[in-house]
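Reviewing the structure listed below.
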Amino acid sequence: MLEFRKDLFANERDDNLNEVGKPTQRQDMAGHVTGRTPFFDDHRLDGMLHLKCVRSPHHSARIRSIDVSAAERSPGVRRILRGADVPVNLNTLLSLLAFGEDDEPSLATDQVRYKGEPVVAIIADSEREAWEAVSKVRVAYDPLPAVFDVEEALKPGAPSVNPVYTRNTFTYHDKYDHVKLRFGDVERAFQEADFVLEERYQMSPIEQAPIETNGAIAAPEVNDRYIVYTCAQGLFFSLDTTAKILDLPSNKLHFIGGTVGGGFGGKVDSLCEPLAVLGAMLTGRPVRYVLNRIEEMQVSAPRGAERHYIKDGVMRDGRIIARKMTVYFDCGAYTRLTSYGALKCVAHLPGPYTIPNVSADAYCVFTNRIPATAMRGFGVTGVDFAIECQMDKLAHLIGMDPMEFRIVNAYRDGDVKAHREHASNTALVECVQVAAEKASWPLSDAARAQSSLTGGGGERAIIPDTRLDDGGVRPAGWRPEGTLPPGTRAPSRPQVTPQPSAPRPPPIAAPQPTPASPPPAQEQVPAPAAPQTPTPPPAQSQPQSQPRYARTRFSTVFGTRRR
Amino acid sequence: MPKTPVQFRINGTDKAVFADGGQSLLDVIRREVGDTAPKYGCGQGTCGACMVLIDGEPHLSCILLAEMADGRSIETASNLDQGGQIHPLQDAFMTHFAAQCGFCTPGMLMAAKALLDKVPNPTREQVIDAISDNLCRCTGYEPIINAILDAAQNPSRRSA
Ligand code: FES
Ligand code: FES
């Protein structure tokens, strides 16, 4: 059962809420324990056909020819799909948000770019007959050089993986080959640091491995519509992707889902739905396309591999004064969601710590590995693994207790982090204290007396002069156009008074900062829908000074809007 | 393709089906019998989502040929609740939040039932051992273990 620590977070939750904070039975639990929850594959439709794919055995190869004549004569085969049968045979998932270029075919036509890429789809009366016909398709390949390592892929002369991104890097804002974060002046701070430590970390790809494999069943419905049973994690995302690939108005599709046998990010890619619907369109019969376990593990997208270089400048008293990171996300052969993961990574850096000088470069790199996608905090969890390993090493280096070291550097309410936003509802100090208590780990009295509510703000809320790569300087207080100055959000806790009573000395900001100047009025936009004061019951509701939801600002998150 | 007649009793009802050569018992239960409680998770005997009881013993139906069930008595998770009354194990799974996505649950319940039918008051180790053929990707197993122990230890739940 969850433990709500009102002693630590007295203002976190209104006590007069009816549901939030109280245990409640899930509405689908009775179905789960009686085995009656209808998962997508529990639907059996009359005359249902089965779809299976011929997949590339090569990591990279040119397709010389595809011969399906023997497969066509194979018993039970009803239809064979080729790339030319797919109305819009090039897509990228986030094109629905105008982020990224269409770069991935549903069925490969001229070239394959990862092992397991689908080339031909067979639709047959039974799964077994579909597999038999798969084995009779003859594809002639000319193998090409492949690249599997993110740093190798960035070297001059490396094989170009994806023709849409020829330099093997995703393109941000129509021109940048990586995401850049600059805050303060790390190089100067490294010179002032007592110690500098640089390390390299490597994360492997991680398969989501849901117990229910990916799949969909599509069938012709009345009025020229198609009904689709699916385990897609984003049902309408999948519907719109299918509509785009099949060039159908979305009201021709009737998606039924929401019952997902485990997803963990692995069921957002919408690879099964378009081919299943296309099969239903071309055969007039229900078509079931379900990955088996081998396909789920080997060709459905994992969280990609990540490589992190972290260089930190630390003082003898425990303060980290500079953190510089270079992060390479292995995107695989096509963009699914890794491009977005790199953005999340940079927004998260330098982790839950207040560090006055931060610099980061994050690359989303194409390789001939399986395309990577969402998976449980992708873009952040892997980075945190690296950062926390680094924190232990730093503590060891300066001879400090690793728990206390984290408390010293923890961000606190009122701080401004490298993303140039005010931190609020911070809780790292308390997390470390509770973890230490539960592990019977001795903490000093001073560390135990710390609180996220005190010691933040003040000098720690100042956006420093920021050194740019071209030698220029962004003046203190600079923030990207169209963003709010820190502190303009309604705080959800009593505002922290700028300390001097903090037991911890404020970190030294290398350049002498001047107070943040508020940006011009026309740059102020409504606050993003985030920390609001808890909404009071209607009877006492106050007129809201800010709209509840921010208007969408794709410019800062996703680059230029294209539609 | 030649078919083999197979007869068995499933959840108290006699059934006769024609199985394809090489067709798994899981496939026959889901497609021919129409009981979709047992799930396909791997088809290779590694996840336990397809677990059913055959003459009271837990079996992975995805790697059993349908013919092997001939003359046997099969029980699936859809038979646990009787006459509108849920089984103590189901009740305990509900209160302990022992199912999240619910996909492993029918298999887990059969593993647990096989245990409790033989060992009414198992130790924690025996419970862990009993569900060690069953993978769950959501719960982290603790709620499942606690639910099974609770169903075994809580007499009021047992008479539910
Ligand atoms: S489906 Fe039978 S063990 Fe996984
Ligand atoms: S509840 Fe999802 S796999 Fe167990």
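Brief remarks follow.
- Dipole of the protein assembly as shown, positive direction: furthest Cα of A:SER60, A:GLY382, A:PHE4, with charges on the beta-carbon: A:SER60
- Model label zone, B:GLN126; criterion: amide N under 18 Å from point 7 Å along Cα-to-beta-carbon; scope region B:88-115: B:88-89, B:109-115
- Other protein chain Cβ atoms within 10 Å, averaged over every residue that makes up A:117-130: 1
- Residues of region B:113-131 with amide N under 16 Å of a point placed 7 Å along Cα→Cβ from B:GLU142: B:128
- Local electrostatic count, B:LEU115, Cβ distance below 13 Å [Lys/Arg +1, Asp/Glu -1]: -2
- Helix runs (DSSP H) in chain B reaching 18 Å along axis by Cα, Kyte-Doolittle at least 0.0: B:105-118
- With R₀ set to 41 Å, the beta-carbon distance separating A:LEU97 from B:PHE18 gives a calculated FRET efficiency near 0.20.
- Expressed per residue, the C-alpha convex hull volume of region A:38-116 stands at 159 Å³.
- For the protein assembly as shown, the equivalent ellipsoid derived from the Cα gyration tensor has semi-axes of 49, 35, 24 Å, listed largest first.
- Contour minus Cα-Cα distance for A:LEU282 and A:ARG13 (0.36 nm per residue): 91.4 nm
- Counting every other Cβ atom within 10 Å of each residue's Cβ, B:TYR141, A:TYR353 order from fewest to most as B:TYR141, A:TYR353.
- Residue-averaged beta-carbon neighbours from other chains (10 angstrom radius) around B:90-100: 4
- The calculated FRET efficiency for A:TYR309 paired with A:PHE236, based on their beta-carbon distance and R0 = 45 Å, is about 0.70.
- Inter-site label distance for B:GLN85 and A:HIS173 at 7 Å from Cα along Cβ, in nm: 6.9 nm
- Within the protein assembly as shown: Cβ-based charge dipole about Cα centre, in debye rounded to nearest 20 (Lys, Arg +1; Asp, Glu -1): 1100 debye
- Cα-Cα P(r), region B:81-157, percent of pairs per 5 Å interval: 3, 18, 31, 27, 15, 5, 0
- Nitroxide proxy distance, nm - points 7 Å out along Cα→Cβ at A:GLU3 and A:ASP67: 6.8 nm
- Taking every residue in B:41-52 and counting other chain Cβ atoms within 10 Å of its Cβ, the average works out to 3.
- Of the trypsin sites (Lys or Arg not before Pro) in region A:204-261, those whose Cβ has at most 16 other Cβ within 10 Å and which sit in DSSP loop: A:ARG225
- In this simple spin-label model, placing a label point 7 Å from the Cα along the Cα-to-Cβ direction at both B:ASP70 and B:GLN44 gives a separation of 3.0 nm.
- Going from the residue with the fewest nearby Cβ atoms within 10 Å to the one with the most, A:SER250, A:SER440 rank A:SER440, A:SER250.
- In a DSSP loop and with at most 11 other Cβ atoms within 10 Å, the trypsin sites (Lys or Arg not before Pro) in region A:144-190 are A:LYS175.
- Added length on full extension, which subtracts the Cα-Cα distance from 0.36 nm per residue, A:ALA30 to A:TRP441: 143.7 nm
- Rounded D (µm²/s) - region B:3-78, Kirkwood Rh over Cα pairs, Stokes-Einstein at 4 °C, 1.567 mPa s: 109 µm²/s
Every number in this text was worked out from the coordinates using simple rules, so none of it is lab data. Being a predicted model, the structure only gives us computed values, none of them experimental. All Cβ positions, glycine included, derive from the backbone under ideal geometry; neighbour counts span all protein chains shown.
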